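Contents: one structure, followed by commentary.
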Amino acid sequence: MNRRMTQGIKEVAPAEAYKKIKTGAVLLDVREIQELEEEAYDVEDLLHIPLSEFVNRISEIPRDKEVIVGCHSGIRSFQVTTYLTEQGYNNVINLMYGIDNWVDCGFPVKVRKTTK
């Protein structure tokens, strides 16, 4: 299993995360809307709650499914994973190094083409 623990927080590499998503885990993207417009995870049932709206929308995060938290580089998602763990969520995992690592490992993304 390609998972590590940092300060009691579970983390997962993109390959394992992708397998988990394909079998029912939810990917929670905490990046802001403008970030998704540039590059977004291309997975079914993506849950997008920007960090700026997180506290007001925490109730949208399922407690009955495994939740993988992702962002751009893994910093914000680690913070959110830590927070959710402190709030009693025992099914949250941080996506190590975020969408940067996801892309580097060849997993699907939606990219907005800009023309100038």
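Here, each number is a calculation from the coordinates, and none is a lab measurement. None of these values were measured; they are calculated from a predicted model. We place every Cβ from the backbone using ideal geometry, glycine too, and count neighbours over all the protein chains shown.
Beta carbons within 10 angstrom, averaged per residue: use that to sort the peptides 47-59, 95-107, highest first. Write down the numbers at each step before the final one.
Values: 47-59: 13.7, 95-107: 18.5.
The peptides rank, most packed first, as 95-107, 47-59.
Based on the Cβ-Cβ distance from Arg112 to Ser59, what FRET efficiency comes out when R0 is 41 Å, to the nearest 0.05? Before the final figure, lay out the partial values.
Numbers: r = 30 Å, r/R0 = 0.72.
Once rounded, the FRET efficiency stands at 0.90.
Computed FRET efficiency, Cβ-Cβ of Glu37 and Asp100, R0 22 Å: what is it to the nearest 0.05? Provide the component values of the computation, followed by the final result.
On the way: r = 17 Å, r/R0 = 0.76.
Given R0 = 22 Å and the Cβ-Cβ separation, E is 0.85.
Evaluate Rg over Rh across the chain, taking Cα atoms for both radii and Kirkwood's formula for Rh.
0.95
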